[in-house]
Amino acid sequence: METAAEIVQHSGGVIGLSWLTIALPLLGAAILLLGGRRTDRWGHLLGVAMSLASFVVAVIVFFELLGFGADERRRVVELYDFLPGGTLDVKMGLLLDPLSISFVLLITGVGSLIHIYSIGYMAHDPNRRRFFAYLNLFVAAMLLLVLADNYLGLYVGWEGVGLASYLLIGFWQHKPSAAAAAKKAFIVNRVGDMGLALGIFVIFTTFGTIAYGPVLANASQASQGTLTLIGLALLLGACGKSAQLPLQSWLLDAMEGPTPVSALIHAATMVTAGVYLVVRSGPIYIGAPTAALVVTIVGVATLLAGAIIGTAKDDIKKALAGSTMSQIGYMMLAAGLGPVGYAFAIAHLIAHGFFKASMFLGAGSVMHAMNDEVDMRKFGGLAPKMRITWATFGLGYLAIIGFPLLSGYWTKDGIIEATMEHSPILGWLAVIGAGITGFYMSRLFFMTFHGKPRWEKDAHPHESPAVMTWPLILLSIGSVFGGAFLIMGNRFMEFLAPAVGRPKELPHFAPFSVAGVATLAVVAVGVAYAWLKYGRAEVPAVAPRGSFLTVFARRDLYGDAINEALFMRPGQWLTRLAVFFDNRGVDGLVNGLAALIGGTSGRLRRVQTGFVRSYAMSIFLGAALLVGAWFVVGNL
Amino acid sequence: MSTLTAAPITAPTIEYGELAPMLIIFGAAMIGVLVEAFTPRYLRKSIQMPITVLSMVGAFALTVWQGVRGVRSAAAMGAIAVDGPSLFIWGAILLLAIVSVLLINDDDHFVAEAAAVPGSAEEDQALSQGGAHTEIYPLVLFAVGGMMLFPAANDLLIMFVALEVMSLPLYLLCGLARRRRLLSQEAAMKYFLLGAFSSAFFLYGTALLYGFAGSVDLKAIATALSTVGGQDALLFIGAATLGVGLLFKIGAAPFQAWKPDVYQGSPTPITALMASGTLIAAFGALLRVFWVALGDLDAEWTPVLWGVAILTMVVGAVLAITQTDIKRMLAYSSIAHTGFLLTAVVATGKESQNANALSGILFYLLAYGFATVGAFAVVTMVRDPGGEAGHLSRWAGLGKRSPLLAGIFALFLLAFAGIPLTSGFFGKYAVFAAAVAGGAVQLVIVGVVTSAMAAFFYVRVIVLMFFSDPAPEGPTIAVPSMGTAAVVTLSAAATVVLGVFPQPVLDLAHTAAQSLFVR
Amino acid sequence: MTTHYLVLSALLFAIGGVGVLVRRNAIVVFMCVELMLNACNLAFVTFARQHGNLEGQIIAFFVMIVAAAEVVVGLAIIVTIFRTRRSASVDDANLLKY
Amino acid sequence: MGEAITFWVLAVVSVAAAFGLVFSRKAVYSALMLGVVMLSLAVLYAVQEAPFLAAVQIIVYTGAVMMLFLFVLMLVGVDSSDSLVETIRGQRFWAFVAGLGFAVLLALGIGNVVIGAPAGLSGAVSQVGGNVPGLAHLIFTRYVFVFEVTSALLITAALGAMVLAHRERREPKPTQKDLSRARFLGDHPAPLPGPGTYARHNAIDMPALLPDGTVSELSVNRVIARHDVEDGHLPNDPRLAQAIRNVAEAGVRTEQPKVVQAVAEAPEVPVAERDKPAAARVPGDGPVEEEGK
């Protein structure tokens, strides 16, 4: 592997103004939050404007960055000296390199589209202004997370997106489920944050700095044990934020938030922060193969778990959330592979950002049309009623299952093939995951848009307004062409190389490799099976009454049984296992430790009897001990 | 024995200029006493308050001036060391005292008539007539004077006297809470008895060190360390018992037991003053003794302080977890912070290392002082009908009732927890970094683990405030007076500024620490 | 001889310490603290003679002043408590605990 | 030799007295024992070339400080005695362990120190012309700042005592005229009967017997009566006991007329707060009140 290029100090030019990308949305959030009700009328427009402005700045910065030679595309913009001199030298700066700018474009681009979409989606919400304030806050924090040139800045952004996410999940606080979900997300994320903080602290003590430049450049000099510790600690943080096993439980509940939130935060951007962290800390994982192995294992486990969960959900958003978990699992897997995987991880991340956002917003559009119904068993046959939504969602769907030549095909197959070379077992597991993806996404698609309508009586499905459909269309363009654009000719890999390093040999893209064909075959099986169960056949649960039941009962039951036995049961079982593990394992560990400390504390506090004589006793005994200790130390 | 044969006494030289900050405080205290004697009751408060604040501001200005002048010497016949650390500590104490006085000045923290039995008709009468003890102000001034003298004392005798000058007014002030007077009086008694007990140890240590060195001058003791042989027992026992007295004042385990009780029972503004000012003063004195007098004995006292530091951190963090009273919890947190500070005290190997550790400690003390005064100021504002709502359950849902107040309190708690962008982070970092540099890595590991535990109970309060449903008949949030509002604002501002732009203060602490203690 | 005085002083100090721990009457507890201070004074005076300088005597003198002031404050606090609780037992004052 | 004899005698005396201080049940004995220790120490000071300190020890410590102790003891109850039952588990045991350990450590440590013959103070003293001038010399030169600072201590002490003990008069003192007006407007222009007529001990809670042999319920303060009933301190004589019970329940003692504000009686004391002292309740409330206590 080639080492990453040196970081260049930068001043002047638009890059010097890149702090505006963060400052603008932050300003928007501040105005909207402090302005209060006065800004209600135009607040959402301001929010959109700030996000768009940020996007524009990002695009200009991007092109200016492209103007440099490949190896000069790492620019640090110093903002201010947080702590100049002394033993702790923290300079707060922004790091502009291909990796961060990719994220910035994704965040501001998709973010702006979702802002626009939200104008329509939240039109009837009395607190729309606050919603936009939080969205802006989120964008600012997320940009800080990816742009900071040191771990401390990343941490601040990390906490910022956590806060924004908490506020947005619980946006409809009046629903107890939303409040509970917000709390759950907050608490689970804290576990991860502990890991991140620990990791940063160890980095501190090991390298004496927290800036990416010196830390990553000197990573190879630290001992492997230290690097493993750092890697695992950072991974814990990544797991929390990216909903990877074992900290995945909050993501499904987070769907209680408004749908644009699910699209932006819990699909396209925030949950990918973990992938960013792992890729950014690449040299640390390169120096710690064990930690990297754990990353890949976590990735594979999550991609399977997410996929299985996706098959068992009838709630359209939860099914999508399961899918998000699963897809991030793929990214993690790739990120754990080292430089070979980084480009695929990020490319998949970007492609996923497009198609998943498109699908989430599509789901939102469906819900919008169906009186906020989320149960897919009450959808069906929506395709003719909502052509645009159907088409964009369909493109997203095809992209995610890896339909040839669409985005997911390029990026996911890249990951699978890279994994195959690395470890066949993981590779085949990833292939199986792709098959399940094909199944559950098809199930979702067919149940929603095809088959016979199973609507509630008062549902009058209709296409959404233009302000909502245009973002869908734009996003689906990305989901169609994004992958090919990034992967063809290793374009993205070359682009990222200055930031994350270049693998020893570039992968040759072979469309008819064993893995590629196998993946396509497995996906086809999954799709076909889903078509049989949910496309062609009646979807059960909208129980067909009377004589129909007897005719189709056995077959339906049979299908259900298989479905249940193959997917739902394991899914539920897995979910239960996960819950069990969560309760007994992770929580158990945490609770157990807390109980231990708490118990100690409870018992120990009894020492504080309230009797002044007991206190005097402790002083006297302490004095005797102190004198005695001094005797021992002094060898008297 | 006749005076005829007595040698003439040459007048001592006293550097009034250098001692001016302290002299102003003591002078103002005496004027305050005279005001008590000669002015009518209704006027007293309006005279006392300006005297107190102005004298403190004046003393602060003079301290700054001394700092600018760069005075580094032992004044008043070598009794007082006016050196860098002293000046920094004076400045810190004065700033925190000014803030605390604003809090103290609030009307209803102090008993209307201390001599009246709680709940008696007389007390009701005194209350209804708006009685108030304006003696509080001179007492606070005396205490602050003592706090300034304590860390600047250059011999053990004046240190002992300063200890008492600082403590006696605090014993009294502890017992003067307006509400829950039984608790307050109990706190006063416990503090007094234990304080007297520990100062006896201090004195015994002084005696033995005097026996060892033939002088109580810190420099003379340091000199004797290298010249006197064969009397190690005197030295060791003396150092140990002297240490008991000092460790008691900073509240290190196993001498910490008084802290929770006294902090809880005292009037909250006094708790704020003690938690900030006394801690700083006592740490200053501790450092001076251990570095100036016993500096060459570090091979012996380092291991001992190791144990003390670990025990203190663990006791503070573990016991805080199950506390249900907010003031008690803050008291245990103060114990834990004492432990964190001790890690830096322990980790001093070389002379060059001393300056780093010292500057870290100085910064930490200032940062912690502001956060703690602010936190206690918030505590005074959350009220039940019977006084402050001390029980944590009463704080549930405070974030929904008063987001601003709860947010500020959360800020202070985060500062205690050492979260980045608050003052606590740099404080903690500075001391831990100093400890690591001094080779006390294991101590720092204990420190980090206990910090994590401590973070748990801070975050628990935040979660309680923001994520719990408010109690149906929750506490009222007192509309803050000008003073309290100013205290909260100032402390919050200091906490944020020290967390975001710590450099100037770090530099100041560094400069102050560079000169180390004069010998 | 000096050693004898010092051992006596140590003994008195320790007895005073034990007294603080075992007595319940706040006044007696305080008397025990005074005993400890006296023990210190004895050490000071002894060392003063040992070293042949008067510092020790000066310190003992100041200790007496300090002790006198401390006694006034302490007894005032104890009397206040007694007025409220009708008891001078230190064990009765244990509302603050745990 | 003379010094050795003095030392051994006084050492034994002072240690014994110190033990007496710790172990005598009555606080007054403890105080006296402390006095003995202080006096012994004064002599030891004198022996050790510290005549001034010896005098100060006697004047300040034994004279002033001890008197203060005794005074407060009288205030608190001179015959109050500690119960010997230890309530804190293990307190005694550990106290003795710690005390013994501490003493042994100190004695071992100090005993092993190689200390030469004392230098003696004659040199230091003769230079400046005596012990007192020597001390003065130090006080006013090297220790002048300490000397000044102790003034802060003394002022604090005085201030503290004032704050905690001084009760401010909050209304004008009732004049003779006010008092007599209040009395004549009340139900009992004549003095109330005094208590304790046939009591065997010094008690104000014993009801008086009237000349016709009946018990006067008027003679008992109802606060005291209530205490008696609650604590079970009733006299053996059933008539007296009944009278006390009546007073406690019904509060027979009549209200004083509220003519003058100053003479207004204190409000009912709720039973729950009975540990409030009955001390110094109202001036001019008849002979039964425990005035001046």
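The values are calculated or read from the model by the stated rules, or taken from the named source; none is laboratory data. Just so it is clear, the model here is predicted, and its values are computed rather than measured. Neighbour counts run over all protein chains shown; Cβ positions are idealised from the backbone, glycine included.
Key figures
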| quantity | calculated |
| --- | --- |
| Filter pass, residue B:256 being out of contact with any Cys (no Cβ under 8 Å at 6 or more places or on another chain), part of a loop (DSSP other than H, G, I, E, B) and within 23 Å of residue B:100 (Cβ to Cβ) | yes |
| Some residue of the stretch B:441-460 being under 15 Å from residue B:361 (Cα atoms), not hydrophobic (A, V, I, L, M, F, W, C) and not in a helix (DSSP H, G or I) | no |
| Leading residue by the ranking (surrounded by the fewest Cβ atoms within 10 Å (Cβ to Cβ)) among those in the stretch D:118-144 that are of a type in the set (A, V, I, L, M, F, W, C), more than 7 Å from chain C (Cβ to nearest Cβ) and touching a helix residue (DSSP H, G or I) at 6+ places or on another chain (Cβ under 6 Å) | D:132 |
| Residues being aromatic (Phe, Trp, Tyr) and closer than 21 Å to residue A:242 by Cα - total across the stretch A:127-144 | 2 |
| Test: residue B:143 is under 29 Å from residue B:388 (Cα atoms), at the interface with another protein chain (Cβ under 10 Å from one of its Cβ atoms) and buried (at least 24 other Cβ atoms within 10 Å of the Cβ) | yes |
| Count - residues of the stretch B:272-321 that are of a type in the set (S, T, N, Q) and more than 14 Å from every other protein chain (Cβ to nearest Cβ) | 2 |
| Breaking point among (1) crowded, with 24+ Cβ neighbours inside 10 Å; (2) over 16 Å from residue A:275 (Cα atoms); (3) of a type in the set (D, E, K, R), for residue A:253 | (1) |
| Which numbered condition residue C:93 fails, given (1) surrounded by fewer than 24 Cβ atoms within 10 Å (Cβ to Cβ); (2) modelled with pLDDT under 90 | (1) |
| Boolean, residue A:251 is aliphatic (A, V, I, L, M), under 18 Å from the mean Cα position of the chain (by Cα) and over 30 Å from residue A:368 (Cβ atoms) | no |
| Every residue from the stretch D:158-192 that is surrounded by 14 or more Cβ atoms within 10 Å (Cβ to Cβ) and within 14 Å of chain C (Cβ to nearest Cβ) | D:158, D:159, D:160, D:161, D:162, D:163, D:164, D:165 |
| Subset of the stretch A:605-636 (residues that are within 16 Å of residue B:204 (Cβ to Cβ) and either among the small types (Gly, Ala, Ser) or not in a helix (DSSP H, G or I) (or both)) | A:616, A:622, A:623, A:624, A:628 |
| Restricting the stretch B:319-368 to residues that are polar (S, T, N, Q) and more than 19 Å from residue B:414 (Cα to Cα), the residue that is farthest from the chain's Cα centre (by Cα) | B:352 |
| Failed item, numbered, when residue A:287 is tested on (1) modelled with pLDDT of 85 or more; (2) more than 20 Å from residue A:186 (Cα to Cα); (3) not polar (S, T, N, Q) | (1) |
| Candidate set: the stretch B:168-208, residues that are at the interface with another protein chain (Cβ under 9 Å from one of its Cβ atoms) and among the polar types (S, T, N, Q); chosen: the one nearest to residue C:66 (Cα to Cα) | B:199 |
| Among the residues listed as B:97, B:74, B:81, the single one being in contact (Cβ under 8 Å) with a residue 60 or more places away in the chain, assigned to a helix (DSSP H, G or I) and under 24 Å from residue B:362 (Cα atoms) | B:97 |
| Criterion violated by residue D:61 - all others in (1) among the hydroxyl-bearing types (Ser, Thr, Tyr); (2) within 18 Å of residue C:16 (Cα to Cα); (3) more than 7 Å from every other protein chain (Cβ to nearest Cβ) satisfied | (3) |
| Unmet criterion (only one of (1) closer than 30 Å to residue B:64 by Cβ; (2) within 12 Å of chain A (Cβ to nearest Cβ); (3) hydrophobic (A, V, I, L, M, F, W, C); (4) out of contact with any Gly (no Cβ under 6 Å at 6 or more places or on another chain)) for residue B:493 | (2) |
| Of the criteria (1) more than 9 Å from chain C (Cβ to nearest Cβ); (2) surrounded by fewer than 19 Cβ atoms within 10 Å (Cβ to Cβ); (3) over 30 Å from residue D:119 (Cβ atoms), which one residue D:13 fails | (3) |
| Single condition residue B:253 does not satisfy, out of (1) away from chain A (no Cβ under 11 Å); (2) more than 23 Å from residue B:215 (Cα to Cα); (3) of a type in the set (A, V, I, L, M) | (1) |
| Selection count, the stretch C:64-98, where residues are within 14 Å of chain A (Cβ to nearest Cβ) and among the hydroxyl-bearing types (Ser, Thr, Tyr) | 3 |
| Some residue of the stretch D:103-117 being over 20 Å from residue D:33 (Cβ atoms), facing chain C (nearest Cβ under 7 Å), of a type outside the set (A, V, I, L, M) and not in a loop (DSSP other than H, G, I, E, B) | yes |
| The stretch B:164-179: number of residues that are touching a Phe, Trp or Tyr at 6+ places or on another chain (Cβ under 9 Å) and assigned to a loop (DSSP other than H, G, I, E, B) | 3 |
